[in-house]
1. If you take the beta carbon distance between Ala97 and Ala14 as r and set R0 to 45 Å, what does 1/(1 + (r/R0)^6) give as a FRET efficiency, to the nearest 0.05?
2. Within 15 Å, Cβ to Cβ, of Gly107, how many net charges do the neighbouring residues add up to if Lys/Arg are +1 and Asp/Glu are -1?
3. Return the equivalent ellipsoid semi-axes of the stretch 19-61 as a descending list in whole Å, where each equals the square root of 5 times an eigenvalue of the C-alpha gyration tensor.
4. Return the FRET efficiency for the residue pair Glu149, Glu23: r is the Cβ-Cβ distance, R0 is 41 Å, and the value is rounded to the nearest 0.05.
5. Evaluate the relative contact order of the stretch 80-163 (contact order divided by residue number), counting alpha-carbon pairs under 8 angstrom at least 6 apart; express in whole percent.
6. Over the chain, what is the relative contact order in whole percent, taking alpha-carbon pairs under 8 Å and six or more residues apart?
7. Report the per residue volume, in Å³, of the convex hull enclosing the C-alpha atoms of the stretch 34-130.
8. Counting C-alpha atoms alone, how compact is the chain: give Rg to one decimal and Dmax as a whole number, in angstrom.
Amino acid sequence: MSTWLSEAALEEIARERRKYPPEQARSALLAALRIAQEEHGYLPEALIEHVADLLGVPAIQAFEVATFYTMYDLQPVGKHQFCVCGSVSCFLNGSDAILAHLQQRLGIGIGETTADGLFTIKEVECLGACKDAPMMQLGDRYIENLTPEKIDALIAQLRQEVQR
Ligand code: FES
């Protein structure tokens with residue numbers, strides 16, 4: 001019985017755990033933390049500790065993973081996360097200007113969420129779409145060759161979707 005996770009999530013974590021030999025439980029941490037985050041929305045400390053308990057690994061190992069990768073959210077985030085790549089190709093092609101535009105349009109800084117809970121801005125490392133820099137990830141989509149106009153259209157579209 002878990003106060004944090006549903007039976008389905010627990011089963012999914014157990015399935016990930018079984019993919020590895022007993023002494024390699026930490027290998028399931030990436031997947032288990034993703035599953036926990038998908039269910040809870042973000043990863044508070046107590047949930048990270050819970051995931052470590054489920055896998056039978058020291059909590060410090062779970063914290064190391066959760067705090068290293070930008071895909072894990074340690075605090076509540078917006079419904080839509082603009083994850084703008086700030087690595088070299090994107091940087092050379094204007095990711096700074098894209099980030100500045102986003103911050104100005106949404107009135108928040110990097111790592112912050114709008115008051116209506118709709119948008120969060122994140123700066124992330126290379127997402128492997130360098131030839132179409134600058135780019136960002138939004139949910140499970142990559143949005144490439146970013147321009148301020150593209151950003152504006154996207155924000156307007158996402159706001160409209162909420163109003164429907
Ligand atoms: S540098 Fe931005 S996707 Fe690779």
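1. Numbers: r = 46 Å, r/R0 = 1.02.
Efficiency at R0 = 45 Å is approximately 0.45.
2. Working: positive: Arg105, Arg159; negative: Glu112, Asp116, Asp152.
Local net charge: -1.
3. Details: eigenvalues 65, 27, 8 Å².
Taking √(5λ) for each eigenvalue gives 18, 12, 6 Å, largest first.
4. Working: r = 53 Å, r/R0 = 1.30.
Here the calculated transfer efficiency is 0.15.
5. Numbers: 124 pairs, mean separation 29.7, N = 84.
For the stretch 80-163, the relative contact order is 35 percent.
6. Numbers: 225 pairs, mean separation 27.9, N = 164.
It comes to 17 percent, rounded to a whole number.
7. Details: hull volume 10.0 nm³, N = 97.
Roughly 103 Å³ of hull volume per residue.
8. 17.7, 51
FYI, it's all coordinate maths here, none of it is from the lab. Bear in mind the structure is a predicted one, so any value in this text is a computation, not a measurement. Counting neighbours? That spans all protein chains shown, and the Cβs are built from the backbone with ideal geometry, glycine included.
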